[in-house]
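For reference, the structure is listed below as structure tokens.
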Amino acid sequence: MANAGSNRAGFFAIEIGIDADSACQAFSTYRPDGYTSKMAIKNLVEKLGDANFLSDVDTLVSAEKSGYNVEEAAALIIEKYLIKL
């Protein structure tokens with residue numbers, strides 16, 4: 001399964017203006033053979049129910065100050081990144 005860090009890195013790549021195709025290419029090295037878009041989306045959706053996953057960037061990103069919202073980030077990752085795998 002893809003790790004939480006790759007999902008978060010994809011979100012930040014998109015947010016700072018790296019196009020989704022470039023982000024997909026950059027992370028393709030870490031994607032297991034046969035790992036499909038459907039599998040990636042299912043994996044991310046399941047992780048949204050894991051408190052550890054949801055809080056692992058708390059020390060790096062202050063939601064109050066940055067406006068970061070994990071659900072919005074997940075939707076963006078699915079729309080811009082995972083759907084293209």
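A few remarks follow.
- Contacts under 6 angstrom Cβ, first residue in segment 31-44 being of a type in the set (A, V, I, L, M), partner surrounded by 15 or more Cβ atoms within 10 Å (Cβ to Cβ) and not in a loop (DSSP other than H, G, I, E, B), 6 or more apart: Ala40/Leu82; Ile41/Ile78; Ile41/Leu82; Leu44/Asn7; Leu44/Ala74
- Scan of segment 22-52 for residues that are at pLDDT 80 or above, of a type outside the set (Val, Ile, Thr) and in contact with a helix residue (DSSP H, G or I) (Cβ under 7 Å, 6 or more places away or on another chain), ordered by number: Cys24, Phe27, Tyr30, Ser37, Ala40, Leu44, Lys47, Leu48
- Tally, over segment 26-85, of residues that are out of contact with any Gly (no Cβ under 9 Å at 6 or more places or on another chain), outside any loop (DSSP other than H, G, I, E, B) and not hydrophobic (A, V, I, L, M, F, W, C): 18
The values are calculated or read from the model by the stated rules, or taken from the named source; none is laboratory data. Given the structure is predicted, the values throughout are model-derived calculations rather than measurements. Reconstructed Cβ throughout: ideal geometry from the backbone, glycine too, with neighbour counts over all protein chains shown.
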